[in-house]
1. Using the Karplus curve 6.51 cos²θ - 1.76 cosθ + 1.60 with θ = phi - 60°, what ³J(HN,Hα) values do you get for each residue of region 32-47, in whole Hz, with x for Gly and Pro?
2. Which whole-number percentage describes the relative contact order of region 1-87, with Cα contacts under 8 Å and a sequence gap of 6 or more?
3. ³J(HN,Hα) across region 144-158 via Karplus (A = 6.51, B = -1.76, C = 1.60, θ = phi - 60°), whole Hz, x for Gly/Pro?
4. Using θ = phi - 60° and the Karplus curve 6.51 cos²θ - 1.76 cosθ + 1.60, what whole-Hz ³J(HN,Hα) does each residue of region 66-83 get, with Gly and Pro shown as x?
5. When the chain is fully extended, how far beyond the present Cα-Cα distance does SER19 get from LYS6, taking 0.36 nm per residue of separation?
6. Quick one: which residues, 5+ away or cross-chain, put their amide H under 5 Å from the amide H of ALA108? H built at 1.01 Å from N.
7. What aspartates and glutamates does LYS6 reach when the alpha-carbon gap must be under 16 Å and sequence neighbours fewer than 8 apart in one chain are set aside?
8. Suppose R0 equals 35 Å. What FRET efficiency, 1/(1 + (r/R0)^6) with r the Cβ-Cβ distance, do GLU79 and ASP131 give to the nearest 0.05?
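What follows is calculated from the coordinates using simple rules that are stated; it is not laboratory data. Keep in mind it's a predicted model, so treat the numbers as computed, not measured. Cβ coordinates were reconstructed from backbone atoms using ideal geometry, including for glycine residues, and neighbour counts include every protein chain displayed.
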Amino acid sequence: MGEHAKNFSLKGVDEKFYSLAEFSGAKILVIVFMCNHCPYVQAVWGRLNKLQERFLKDSVQFVGINPNLNPDYEEETFEKMQEYYKKFHMNFPYLQDDTQNTAREYKAQCTPDIYVFDNGRKLVYHGRIDDSWQDESKVTKQELAEALLALIKGEKVLGVQNLSIGCSIKWKKFC
C-alpha cells in the first residue's frame with residue numbers, strides 16, 4: 001500500500017497508445033490485469049463493465065491491461081483482444097502489455113489482478129472484485145465497490161483486502 005502507480009506506454013485495442021498521464025483527469029484509477037482466455041476474467045467481465053458505468057460519474061477510470069499475449073495461447077493475440085472488447089461490450093480501455101514490463105513493475109500475479117490508486121496515484125486497494133467470482137448471484141460482499149465508495153467519500157479503504165484469484169500470468173522467457 002502507498003506505492004505510486006508506475007508509468008506505462010501501451011497500445012489499446014483502438015490502436016492508440018496510452019500512458020498513465022492519459023488518465024490524469026480521473027480522481028481514482030483502477031488498473032485490472034486481465035486477459036482473454038482466463039475463465040476467472042470471463043466470469044467477471046460484465047461486473048467490471050458495470051462498476052465502470054456505476055462509478056464513471058464519480059471520476060473513476062478503469063483500465064484493462066493484458067500481459068498474456070503468449071504464443072502458447074491462441075486466445076491471447078491483439079486481434080482477439082479487439083474481438084473480446086466488442087464481445088464483452090467493454091466500456092474502458094483494454095491495453096496490450098506485449099513485453100510484460102508493466103505487469104512486472106506492478107508485480108501482477110494473476111488475471112484478474114486489481115489495483116486501485118487514489119488521486120495522488122498511491123495504491124490504496126489491491127484485492128478482488130467480490131466474494132464469488134463464479135456466480136454473481138451469490139455475491140455477498142462487493143469489496144471493490146466498497147473500496148471505491150470509501151475513496152469517493154474521502155475515507156480510507158478499511159478492512160481486509162482479499163487477494164484476487166485467477167489464472168497465473170503466462171510469463172514469457174526473454175533471452
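1. 10, 7, 8, 8, 8, 8, 5, x, 5, 5, 4, 5, 10, 3, x, 5
2. Details: 88 pairs, mean separation 26.6, N = 87.
Computed value for region 1-87: 31 percent relative contact order.
3. 5, 4, 5, 5, 5, 4, 4, 5, 4, 7, x, 9, 7, 7, 10
4. Karplus-based 3J(HN,Hα) across region 66-83 equals 9, x, 9, 6, 10, x, 7, 10, 5, 7, 9, 10, 4, 4, 5, 4, 4, 5 Hz.
5. 3.7 nm
6. Those qualifying (amide H under 5 Å, at least 5 residues apart or on another chain) number zero.
7. Within reach: GLU22, ASP97, GLU105, ASP113, ASP118.
8. On the way: r = 34 Å, r/R0 = 0.98.
With R0 = 35 Å, the Cβ-Cβ based efficiency is 0.55.
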